[in-house]
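Contents: one structure, followed by commentary.
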Amino acid sequence: MSPIQTDGDTVLVITDRDSDTGDAVTLALQDLGVRTVRFDLADLGRTVSVSARCDGGRWQGSLTVRSRVTKLRDARSVFWCHPTPPRVWVDGMTQAQTQWASQEALAGLAGVLGTLECLHVNHPSDIRRAQIKAGVVAAAERAGLTVPATWIGSLPSGARRFNLGAPDGIVTKTLTIPQITEDDHHVRPLYTTLVVDSDLDAVATGITHLQHRVLTDYAVRAHTIGTRTIAVRIDAHTTVGRTDWRATPESLTYTPIALPTAVEDALNALVQGYGLSYAASDLLVDSHGRWYFVDCNPAGQYRWLENELPDLGITQALAQLLAGEAERPRRNGLTAAA
């Protein structure tokens with residue numbers, strides 16, 4: 001990542017136009033008196049344009065959003081929050097031509113903005129690396145976190161051996177997006193699911209991700225913002241919810257919680273090792289008080305928790321980080337090879 005410079009006066013908020021998180025962070029930045037420019041990559045060619053030239057090893061130029069011009073050198077920080085990719089279409093173009101032109105637009109616009117020598121929360125390349133679950137599991141263990149025993153493979157006999165060593169059974173989890181969008185645009189969520197031996201022949205059809213089941217007392221969602229941690233205890237009051245709290249949102253209660261020092265230090269090492277300034281991590285705590293790390297989301301949503309706990313303060317902490325009012329994390333080399 002490029003070195004961080006702090007002489008800029010503008011925060012770029014790159015997000016979907018309907019993003020509740022984008023709304024909240026933009027308002028918090030404006031309350032801090034910070035010049036903020038919000039836009040979506042999909043607005044390229046409509047309300048967004050860019051003109052940039054590489055000069056002396058650095059991209060110089062301007063970004064225009066709704067006739068408002070910002071010099072690239074004036075960027076203090078960039079908040080990447082689930083932007084929509086650009087779609088380029090001109091009457092008469094084929095689908096293949098539209099796809100190619102849209103990929104070119106994304107590579108150019110996001111590519112130039114990604115070179116800006118300022119704080120990125122989070123840089124797209126760091127997000128992509130931190131979304132590789134196999135690498136995160138290994139990096140988490142190196143950072144000192146306890147991770148449930150994990151298996152990834154396509155051999156039923158290997159899955160059965162893994163199951164034999166699991167005192168409380170095994171679960172299957174997604175490695176990528178935890179949902180499927182059907183042809184009719186219906187979205188089907190994919191939750192953590194209990195697996196029995198008779199299910200394991202199916203692993204031969206592709207790749208399956210299995211973990212030893214943790215008999216959960218409660219879950220924790222921990223948000224790392226710079227060097228701060230804001231965590232929430234999530235109590236599920238159903239059996240299904242204790243396997244995956246996302247499956248029964250109506251059964252959940254939320255309480256702010258402090259992490260044990262050793263867990264927080266290890267989590268910070270993991271997040272900073274990926275070059276991230278923000279992450280939402282999921283942890284499980286069993287009835288013996290043992291803490292288990294299960295996931296790190298470098299672009300995790302959080303506004304639903306602030307709706308439940310209005311004084312939680314994640315938005316404010318993010319705004320302070322982007323404005324340069326909070327300490328920034330440093331890399332520590334714990335990441336898996338890219």
Ranking Gly275, Thr216, Asn307 by how far each Cα lies towards the positive end of the charge dipole of the stretch 128-322 (+1 on Lys and Arg Cβ, -1 on Asp and Glu Cβ), the top one is Gly275
For a quick protection proxy, order the peptides 125-137, 100-112 by their average other-Cβ count within 10 Å, most packed first.
125-137, 100-112
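Ranking Cys296, Cys81, Cys54 by Cβ neighbours within 10 Å, fewest first, what do you get?
Values: Cys296 26, Cys81 22, Cys54 11.
Lowest to highest Cβ neighbour count: Cys54, Cys81, Cys296.
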Determine ³J(HN,Hα), in whole Hz, for all residues of the stretch 197-207 in sequence, where each value follows from phi through the Karplus function 6.51 cos²θ - 1.76 cosθ + 1.60 and θ = phi - 60°; x replaces Gly and Pro.
4, 5, 7, 7, 4, 5, 5, 5, 7, x, 10
Using square roots of five times the C-alpha gyration tensor eigenvalues, list the equivalent-ellipsoid semi-axes of the stretch 128-322 in whole Å, biggest first.
28, 19, 18
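As a test of the definition: which semi-axes, in Å, follow for the stretch 10-121 when you take the square root of five times each eigenvalue of its alpha carbon gyration tensor? Largest first, please. Let's see the in-between values first.
Numbers: eigenvalues 119, 64, 26 Å².
The three semi-axes for the stretch 10-121 are 24, 18, 11 Å.
Is the stretch 93-171 rounded, prolate or oblate when judged by the Cα gyration tensor, a ≥ b ≥ c being the square roots of its eigenvalues, rounded requiring a/c under 1.5 and prolate requiring a/b larger than b/c?
Numbers: a/c = 5.47, a/b = 1.83, b/c = 2.98.
Taking the square roots of the gyration eigenvalues as a ≥ b ≥ c, the stretch 93-171 is oblate.
Within the set of other residues whose C-beta is less than 12 Å from the C-beta of Val137, count the net charge using Lys and Arg as +1 and Asp and Glu as -1. Before the final figure, lay out the partial values.
Details: positive: Lys133, Arg142, Lys173; negative: Glu141, Asp295.
Taking every other residue near Val137 into account, the sum is +1.
When the helices in the chain are scored as -39500 (n - 2.57) per DSSP H run of 4 or longer and the sum is shared across all residues, what 222 nm value do you end up with, to the nearest 500 deg cm²/dmol? Working shown, then result.
Working: 9 runs with 92 residues, N = 338.
That calculation yields -8000 deg cm²/dmol at 222 nm.
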Largest first and to the nearest Å, give the Cα extent of the chain along each principal axis.
61, 49, 39
Most positive-pole-ward Cα, Ala28, Thr94, His82, against dipole of the stretch 10-121 from beta carbon charges
Ala28
With 10 angstrom as the radius, rank Thr150, Thr47, Thr21 by how many other C-beta atoms surround their C-beta, starting from the fewest.
Thr47, Thr150, Thr21
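Taking the Cβ-Cβ separation of Tyr254 and Arg128 as r and a Förster radius of 30 Å, what is the calculated FRET efficiency to the nearest 0.05? Show your work: numbers first, answer last.
On the way: r = 30 Å, r/R0 = 1.00.
Working from the Cβ atoms, E equals 0.50.
Arranged from highest to lowest average of other beta-carbon atoms within 10 Å per residue, in what order do the peptides 254-266, 85-97 appear? Let's see the in-between values first.
Values: 254-266: 14.8, 85-97: 11.5.
Result, highest mean first: 254-266, 85-97.
Coordinate-derived values only; no laboratory data. Because the structure is a prediction, the values reported are computed rather than measured. Counting neighbours? That spans all protein chains shown, and the Cβs are built from the backbone with ideal geometry, glycine included.
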